[in-house]
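The values are calculated or read from the model by the stated rules, or taken from the named source; none is laboratory data. Every value quoted in this text rests on a predicted model; they were computed, and no experiment measured them. Positions of Cβ are generated from backbone atoms using ideal geometry, with glycine treated the same way; all protein chains shown enter the neighbour counts. All accessible areas refer to the heavy atoms of the entire protein, side chains included, with ligands and DNA or RNA removed. Shrake-Rupley method; radii C 1.70, N 1.55, O 1.52, S 1.80 Å.
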Amino acid sequence: MGNLLKVLTREIENYPHFFLDFENAQPTEGEREIWNQISAVLQDSESILADLQAYKGAGPEIRDAIQNPNDIQLQEKAWNAVCPLVVRLKRFYEFSIRLEKALQSLLESLTCPPYTPTQHLEREQALAKEFAEILHFTLRFDELKMRNPAIQNDFSYYRRTISRNRINNMHLDIENEVNNEMANRMSLFYAEATPMLKTLSNATMHFVSENKTLPIENTTDCLSTMTSVCKVMLETPEYRSRFTSEETLMFCMRVMVGVIILYDHVHPVGAFCKTSKIDMKGCIKVLKEQAPDSVEGLLNALR
């Protein structure tokens with residue numbers, strides 16, 4: 001059916017496998033409304049990643065200020081360096097909230113009756129692609145965040161300084177941007193090693209708990225099917241040859257890992273048990289067959 005095709009006759013526990021065209025899937029009229037909503041969120045994802053990649057931090061200024069606590073000029077220099085960075089970190093955090101809502105909308109569309117999750121993925125290829133794009137962004141964001149300790153250092157300095165100034169009854173304009181409540185929420189977010197993935201995991205669990213009339217299997221089957229989609233495309237040369245870009249290969253690997261992690265959070269016994277509908281050994285084998293430098297971070301995420 002279109003770009004989403006059955007590709008295997010062999011199955012794990014009679015579970016279907018599909019090929020999903022991550023590059024060209026387009027929305028049908030039935031998908032259009034949700035697709036537009038998610039696209040409006042995803043259109044900011046590349047600028048978020050570029051902004052994060054360019055994040056250099058205020059390490060030298062903070063170090064000078066700490067080493068010279070009585071030098072007012074150095075204190076002001078550090079503060080003036082940190083404040084714009086905190087506003088940038090707020091933008092990242094607020095995007096995570098938008099992404100959380102987008103994921104829940106997608107899950108609602110891809111799991112609701114009367115269709116099974118497999119039928120949804122066959123019928124709503126463009127929504128499945130957007131789901132994959134959210135996961136791809138999430139793992140890219142977290143990879144960049146983990147390699148940049150300046151983020152937590154900058155935010156810790158900001159919180160210490162603003163608390164000290166509050167004690168001294170000093171009003172700071174930046175509190176209009178990042179008040180105490182916002183700072184607390186941001187602190188919890190950035191304290192996570194993989195904050196975006198943690199956000200999506202929580203969103204998925206919240207979706208399951210809030211939709212008690214929806215069988216949990218609808219959600220876990222959606223996730224395990226997407227895992228199978230990625231695994232088949234990665235391990236089958238015929239289907240890999242359909243990718244027009246080498247970047248799609250890494251895209252597919254990130255999506256597979258992201259879906260496994262969501263499944264592991266939502267499924268009552270996780271992704272690594274024998275009764276799981278995810279072929280974990282096969283997925284890890286597929287990852288290891290790729291260039292080691294490209295997938296080490298993904299393997300660490302699964303560990």
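In table form, for the structure just shown:
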quantity: Members of segment 38-50 found to be surrounded by 15 or more Cβ atoms within 10 Å (Cβ to Cβ) and among the charged types (D, E, K, R), listed by number; calculated: ASP44
quantity: Meets criteria (hydrophobic (A, V, I, L, M, F, W, C) and under 19 Å from MET196 (Cβ atoms)) for LEU74; calculated: no
quantity: Some residue of segment 180-196 being in contact with a Cys (Cβ under 8 Å, 6 or more places away or on another chain), surrounded by fewer than 23 Cβ atoms within 10 Å (Cβ to Cβ), in the same structural domain as ALA132 (by the TED database) and more than 24 Å from LEU20 (Cα to Cα); calculated: no
quantity: Top-ranked residue of segment 111-164 - restricted to ones that are among the small types (Gly, Ala, Ser) and closer than 26 Å to ASN80 by Cβ, ranked as surrounded by the fewest Cβ atoms within 10 Å (Cβ to Cβ); calculated: SER163
quantity: All positions within segment 271-303 that are touching an Asp or Glu at 6+ places or on another chain (Cβ under 9 Å), closer than 15 Å to ASP221 by Cα and at pLDDT 85 or above; calculated: LYS277, ILE278
quantity: Neighbours by Cβ (under 8 Å, 6+ apart or cross-chain): first from segment 56-82, among the polar types (S, T, N, Q); second surrounded by 13 or more Cβ atoms within 10 Å (Cβ to Cβ); calculated: ASN68/LEU74; GLN75/ALA65
quantity: Single unsatisfied condition, CYS252 versus (1) in contact with a helix residue (DSSP H, G or I) (Cβ under 7 Å, 6 or more places away or on another chain); (2) assigned to a helix (DSSP H, G or I); (3) within 23 Å of TYR115 (Cβ to Cβ); calculated: (3)
quantity: Helices (runs of 4 or more DSSP H) lying entirely in segment 77-167 (those with 3 or more residues that are farther than 30 Å from PHE19 by Cα); calculated: 150-167
quantity: Candidate set: segment 209-234, residues that are polar (S, T, N, Q) and out of contact with any helix residue (DSSP H, G or I) (no Cβ under 7 Å at 6 or more places or on another chain); chosen: the one least open to solvent (accessible area, probe 1.4 Å); calculated: SER228
quantity: Verdict on SER201 being polar (S, T, N, Q) and over 16 Å from the mean Cα position of the chain (by Cα); calculated: no
quantity: Residue within segment 58-65 that is over 21 Å from ARG159 (Cα atoms) and not basic (Lys, Arg) present; calculated: no
quantity: Output for segment 18-34, where each listed residue is crowded, with 19+ Cβ neighbours inside 10 Å and closer than 18 Å to VAL255 by Cα; calculated: PHE18, LEU20, ASP21, PHE22, ALA25
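Conditions tested, residue by residue: (1) of a type in the set (Val, Ile, Thr); (2) open to solvent by 40 Å² or more (accessible area, probe 1.4 Å).
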{"site": "THR236", "(1), (2)": "yes, no"}
{"site": "LEU249", "(1), (2)": "no, no"}
{"site": "ILE260", "(1), (2)": "yes, no"}
{"site": "GLY270", "(1), (2)": "no, no"}
{"site": "LYS281", "(1), (2)": "no, yes"}
{"site": "GLN290", "(1), (2)": "no, no"}
{"site": "ALA301", "(1), (2)": "no, yes"}
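Yes/no matrix, rows are residues, columns are (1) within 30 Å of the chain's Cα centre (by Cα); (2) open to solvent by 20 Å² or more (accessible area, probe 1.4 Å):
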| position | (1), (2) |
| --- | --- |
| ASN36 | yes, yes |
| PRO60 | no, yes |
| ARG63 | no, yes |
| ILE66 | no, yes |
| GLU76 | no, yes |
| LEU89 | yes, no |
| SER96 | yes, no |
